[in-house]
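These notes are about the structure you will find just below.
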Amino acid sequence: METVRRLMNEPAARVAFFEKQKLNIIMYTIAFAFVLFVYHIFSDGDFSFLLTLGSMVRMFGFVLLMIKFHHERTSSGISLKTLELYSLVFVSRLCSILFYEGYLPYDSSGDWLYQLVEVTSLLLCVAAIVYVLFFSETYVPSEDGFGNFKYIPSQLGPVVLVIPCLILALIFHPTLNKNKFTDTAWTFAAYLETVSVLPQFYLLQKANKPVESWVSHFVFSLGLSRLFLFVFWFSSFHELADKKSRWFFSGYEGYLILLVQLVHMAIMAEFCFYYLLAAKRKSPLVIGGLGVQV
């Protein structure tokens, strides 16, 4: 409150604040206006629009990441492994939603907009990977050390997340598409996305320094998108159960999807809390090895 009062009472402080945060304010304002426009034009007001909203917020995070690369000409603070995992998430999900309607929003945004947002997110993610690999001299592989076990090369670290998620998806998957491959692909994407941010958190914690502004915005966008998706699945998870199936594990798929949503929320919660706290205080924080600067 002290900061708010100072901004209200001191013109010089207001000018300095808006000058420092000008680009952030512009980007968030554009994003908010875009969401309102999409909701008004392309949505029927159905609750399932939350799926599209969550997807758009996640895409916004990757847009911020590309702005970081263009604005700062550096990839420091970004985990290539998280980008690789997210690219696999998008590819797997698109294998389902581009050809079947089982997991699409019920409103008109599911006709084409939701798919377009996911395709755009994949393209942005791939562009980020290409930049880190071929155009950035600031990426340090040794800092991106998640999964660096004794018998596994560091570059293959994400495999320890991919394989369990794939096995779990093969066993527990809904059947809304009535197609085993696409049902499994969608479920695999849902499971893998839950843990895809772990390499990014590992990098930030090992760095033990304040997180760069654009990186913190990127990660917070991923967390905010999960909030919208969780709200949707919390009320809709029961629709994923195939009660007609005689498969031993049938009927539990919806509960497992809800569980991974909860796990993902828990993973993102601490970072998002300190992100908002740092934004309020206008200063970097280093808590438990996790620094946040906004």
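If a/c stays under 1.5 just call it rounded; otherwise compare a/b with b/c (prolate if a/b is bigger, oblate if not). Do that for the stretch 116-195, with a ≥ b ≥ c from the square roots of the Cα gyration tensor eigenvalues.
oblate
Summing charges over all other residues whose Cβ lies under 14 Å from the Cβ of Tyr139, with Lys and Arg as +1 and Asp and Glu as -1, gives -3.
About the centre of its Cα atoms, the stretch 121-218 shows a dipole size close to 280 debye [charges on the beta carbon of Lys, Arg (+1) and Asp, Glu (-1) only; nearest 20 debye].
For the stretch 170-239, what class follows from the C-alpha gyration tensor (a ≥ b ≥ c being the square roots of its eigenvalues): rounded when a/c is under 1.5, otherwise prolate if a/b is larger than b/c, else oblate?
Details: a/c = 3.65, a/b = 2.07, b/c = 1.76.
Prolate is the answer for the stretch 170-239, as a/c is 1.5 or above and a/b outweighs b/c.
All other residues with a Cβ under 12 Å from the Cβ of Val219 taken together, and with Lys, Arg as +1 and Asp, Glu as -1, what is their net charge? Walk me through the intermediate numbers first.
Numbers: positive: Arg58, Lys68, Arg226; negative: Glu212, Glu270.
Its environment carries a net charge of +1.
Rolling a 1.4 Å probe across all protein chains gives Trp112 an accessible area of roughly 120 Å². Surface listing: Glu137, Glu212 arranged by accessible area from highest to lowest gives Glu137, Glu212, probe 1.4 Å. When a 1.4 Å probe is rolled over the protein heavy atoms, the share of accessible surface on the stretch 44-182 that falls to carbon and sulfur comes to 68 percent.
Please give the residues of the stretch 93-121, grouped as numeric ranges, whose backbone N is less than 18 Å from a label point set 7 Å along the Cα-to-Cβ vector of Lys178. Hits in the stretch 93-121 for Lys178 at 18 Å: 96-104.
Rolling a 1.4 Å probe across all protein chains gives Val63 an accessible area of roughly 50 Å². Counting only protein heavy atoms and using a 1.4 Å probe, the accessible area of Arg281 comes to about 140 Å².
The values are calculated or read from the model by the stated rules, or taken from the named source; none is laboratory data. Treat the numbers as computed from the prediction; the structure is a model and nothing was measured. Ideal geometry is used to build each Cβ from the backbone, glycine not excepted, and the neighbour counts take in all protein chains shown. The accessibility values were calculated without ligands, DNA or RNA, using every heavy atom of the protein model including side chains. Shrake-Rupley method; radii C 1.70, N 1.55, O 1.52, S 1.80 Å.
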